[in-house]
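Visitor: Here you go, one structure.
The values are calculated or read from the model by the stated rules, or taken from the named source; none is laboratory data. Computed from a prediction, not measured in an experiment: that's the story for all the values here. Backbone-built Cβ (ideal geometry, glycine too); neighbour counts: all protein chains shown.
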Amino acid sequence: MKLIIVNDYDKASEWAAKYIRNRITKFSPGPDKYFTLGLPTGSTPLGCYKKLIEFYKKGEISFQYVKTFNMDEYVGLPRDHPESYHSFMWNNFFKHIDIRAENAHILDGNAADLPQECQAFEDKIKSAGGIELFVGGIGPDGHIAFNEPGSSLVSRTRVKTLAMDTILANARFFDGDLSKVPTMALTVGVGTVMDAREVMILITGAHKAFALYKAIEEGVNHMWTVSAFQQHPQTIFVCDEDATQELRVKTVKYFKGMMHYHNTLVDQ
Amino acid sequence: MPSNKSVSDAPITQFINCRILRDHKIQREDLWVREGKILDPEKLFFDEQGFADQRIDCNNKIIAPGFIDVQINGGYGVDFSQASSDISGGVSLVGKKILEHGVTSFCPTLVTSPPSVYHQVIPQIKVQNGGPHGAGVIGVHLEGPFISEEKRGAHPPKFLRSFKAGGVADLMETYGPLDNVAVVTLAPELENSGPVIQELARRGITVSVGHSMADLSQAEEAVIQGASFITHLFNAMLPFHHRDPGVVGLLTSEKVSQGRRVFYGMIADGIHTHPAALRIAHRAHPTGLVLVTDAVTAMGLPAGRHTLGQQEIDIQGLHAYVAGTNTLSGSIATMDMCVRHFRQATGCSVEDALEAASLRPAELLRLNHRKGTLDFNTDADFVVLDDALVVQETYIAGEQVWKK
């Protein structure tokens, strides 16, 4: 595991975006060799997307031969609803870059047969050759995608009923009206993300500090699903100073001591 | 083909690197066009997995909806009110030339004329879509002859008429078939105007109050009957008076019921309306302001002396005078000039200035579901402007019809 500690949110976003840029570039994707990228939604990755768009506009990167797979989507929310993850991805990323629609995969929360949609998503990942780099964020309770506390650590893509905490937290995006908040979602499983060849988790802000502590300093535990990645051979946590507040000084010092090397990973 | 053939295989154009006027804001957004309509790229992406066939770099320019001029009497030597042998040729000439001013649709306007002229001219000014041949014709604007003698302005008095036969009959007798008519300006204080206004409104024709001695209550009555526009506010009406604000009072009238809006035309050429008056109107009722040129025959002609019909005129700068006098012979303003002057004189936002020439006239004519905006699925009629609001390019139905 690598733990990248930088000063603030902007620096963390930039670091993550540069890392993605370099991974794609070194992979040298082409018509017969697509780079497969797993993507999150939410406020944490916004800065990273902005940076990637900037790199695209400067001509440093192209998404022409990149296939993306998003982590999750609400069930029953119209696709063009401003809070749908389709809208999020379109407005914050896809419309700004050169990705082709047929290469951008997002679960369809309005599919007639939801379990079948989930299975099809797993199949699509498999036929794309698996995911090269899965980028994720986490919730303050340590959930990755919609794999909330108690989710199986070997779970696959499936229909998930949302925890009341999550529904309450989401109400602010739906005029504060609980009845409008979706109560179910489709989500990749912890196992689905674990299958990626590399996983990068972004964790920023003091409110995520306890989750980061649970993720890396305590044992693997399905009540903190992100902790599963302790068992993954290639995981990078990218965090800001605020998110390290619950870590031991020893841990922080150890990883900061390696930043001189880790930073070479994002050199152009 | 990139697009889903089950929907359409027509080519898709993406205008990039531009700022577009949408939802009353200039915003950094691309504009997508297919089959002459503005396309929702998100739907294209997710539903059709489509993408653009062609990308046009706008170099950071502004894209606004095409301008709509609801009052233009002619230009480039053409007078729409003259029953010449080639009326449609004259309309076509002006329609083509005003593309340069960003005008993509217009209402050729006839001033007070004898019935024979209406019967001859109106059927020849066909409602038609715009294109490389010129701006679209929305319909004719008939300004007169049912107007006030005192406030007739330059309209010839001998052709003025009243509704002496009861109203609707006078209308039909004077104009003939109304199929090509979009707007009628009349004076509501004329006896029997009520049924006329109702009948016109019933037919979907916009009724405008103008060239009128009406007091406020008469003007309000006209609005209740169905009138929705004021022809060149302040001009050819009673001046504003604080105990009877007259037609001008409609801007803040409480009798105009909820959900209805009175629009008013403004000649923002810096000559026909004082900037202070422009500001008063705009601040009192910003969402009703419709920029009109009210341009006459001399618009578009070079400086110097011209013979137009029976009249000699001198063009000096932005003024057109009856030759040898100081009498103004009408507006020679162009729409793009009016937009710039309006913005500068009122200090309004760029958005307001552009919408006064596009969204507002479209709303007035109830065409805003397909014109006057850059909303998805509306007609791709638009102008490309620089930051000084100088028109660089004009598009109709997604096709470039003029370029600077």
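Visitor: Given the structure, is A:Y34 within 21 Å of A:H105 (Cβ to Cβ) and modelled with pLDDT of 95 or more?
Guide: yes
Visitor: Here are some conditions: (1) in contact with a strand residue (DSSP E or B) (Cβ under 9 Å, 6 or more places away or on another chain); (2) within 14 Å of chain A (Cβ to nearest Cβ). B:V91 meets all but one. Which one does it not meet?
Guide: (2)
Visitor: A further question follows. (1) away from chain B (no Cβ under 14 Å); (2) in a helix (DSSP H, G or I): which one isn't true of A:E102, the others all being true?
Guide: Failed condition: (1).
Visitor: Answer yes or no: is there a residue in segment B:116-138 that is of a type in the set (A, V, I, L, M), in contact with a His (Cβ under 8 Å, 6 or more places away or on another chain) and buried (at least 18 other Cβ atoms within 10 Å of the Cβ).
Guide: Within segment B:116-138, not a single residue is of a type in the set (A, V, I, L, M), in contact with a His (Cβ under 8 Å, 6 or more places away or on another chain) and buried (at least 18 other Cβ atoms within 10 Å of the Cβ).
Visitor: So A:T187 ticks every box in (1) touching a residue at least 60 places away in the same chain (Cβ under 8 Å); (2) touching a helix residue (DSSP H, G or I) at 6+ places or on another chain (Cβ under 8 Å) but one. Which box is left unticked?
Guide: Answer for A:T187: the failing condition is (2).
Visitor: Specify the residue that is farthest from the other protein chains (Cβ to nearest Cβ); the eligible residues are those in segment A:105-137 that are of a type in the set (D, E, K, R) and closer than 16 Å to A:G191 by Cα. Break it down stepwise before answering.
Guide: Going through segment A:105-137, the residues of a type in the set (D, E, K, R) turn out to be A:108, A:113, A:117, A:122-124, A:126, A:132.
From what is left, the residues that are closer than 16 Å to A:G191 by Cα are A:122-124, A:126, A:132.
Working: A:E122: 21, A:D123: 18, A:K124: 14, A:K126: 21, A:E132: 22 Å.
Only one residue tops the list, namely A:E132.
Visitor: Given the condition among the aliphatic types (A, V, I, L, M), at pLDDT 95 or above and assigned to a helix (DSSP H, G or I), answer yes or no: does some residue in segment B:369-381 qualify?
Guide: no
Visitor: Within segment B:176-201, how many residues turn out to be over 21 Å from the mean Cα position of the chain (by Cα) and either surrounded by fewer than 21 Cβ atoms within 10 Å (Cβ to Cβ) or modelled with pLDDT under 95 (or both)?
Guide: 9
Visitor: Out of the residues in segment B:139-167 meeting the condition of being of a type in the set (F, W, Y) and over 22 Å from the mean Cα position of the chain (by Cα), tell me which one is surrounded by the fewest Cβ atoms within 10 Å (Cβ to Cβ). If you could, list the steps in order and put the result at the bottom.
Guide: Let us first name the residues in segment B:139-167 that are of a type in the set (F, W, Y), namely B:146, B:159, B:163.
Narrowing the set further to residues that are over 22 Å from the mean Cα position of the chain (by Cα) leaves B:159, B:163.
On the way: B:F159: 17, B:F163: 20.
Ranking the candidates gives B:F159 first.
Visitor: Separate question: Run down B:R152, B:R161 and say which single residue is free of Cβ contacts under 8 Å to residues at least 24 places away in the same chain, part of a loop (DSSP other than H, G, I, E, B) and under 24 Å from B:D215 (Cα atoms).
Guide: One residue alone meets the criteria, B:R161.
Visitor: Only one of B:E35, B:E100, B:E29 is free of Cβ contacts under 8 Å to residues at least 12 places away in the same chain and either of a type in the set (D, E) or touching a strand residue (DSSP E or B) at 6+ places or on another chain (Cβ under 8 Å) (or both). Can you tell me which?
Guide: Every option except B:E29 fails the conditions.
Visitor: What is the residue count in segment A:76-91 for residues that are surrounded by fewer than 21 Cβ atoms within 10 Å (Cβ to Cβ) and away from chain B (no Cβ under 12 Å)?
Guide: 2
Visitor: Evaluate segment A:65-75: report whether one residue or more is away from chain B (no Cβ under 14 Å), farther than 19 Å from A:T187 by Cβ and of a type outside the set (A, V, I, L, M, F, W, C).
Guide: Yes, because at least one residue in segment A:65-75 is away from chain B (no Cβ under 14 Å), farther than 19 Å from A:T187 by Cβ and of a type outside the set (A, V, I, L, M, F, W, C).
Visitor: Ok, one more. Just to check your reading of the model, which residue among B:S3, B:S8 is modelled with pLDDT under 95 and either surrounded by 20 or more Cβ atoms within 10 Å (Cβ to Cβ) or within 13 Å of another protein chain (Cβ to nearest Cβ) (or both)?
Guide: Exactly one of B:S3, B:S8 is modelled with pLDDT under 95 and either surrounded by 20 or more Cβ atoms within 10 Å (Cβ to Cβ) or within 13 Å of another protein chain (Cβ to nearest Cβ) (or both), namely B:S3.
Visitor: If you don't mind, there's one more thing I want to ask. How many residues are more than 8 Å from chain A (Cβ to nearest Cβ) and either over 21 Å from B:A64 (Cα atoms) or modelled with pLDDT under 95 (or both) when one looks only at segment B:30-43?
Guide: 0
Visitor: Without any contact (Cβ under 8 Å) to a residue 12 or more places away in the chain and not in a helix (DSSP H, G or I): is that true of A:G129 in this structure?
Guide: In short, no.
Visitor: Scanning segment B:44-79 for residues that are touching a residue at least 12 places away in the same chain (Cβ under 8 Å), aromatic (F, W, Y) and touching a Lys or Arg at 6+ places or on another chain (Cβ under 9 Å), which turns out nearest to the other protein chains (Cβ to nearest Cβ)?
Guide: The residue in question is B:F51.
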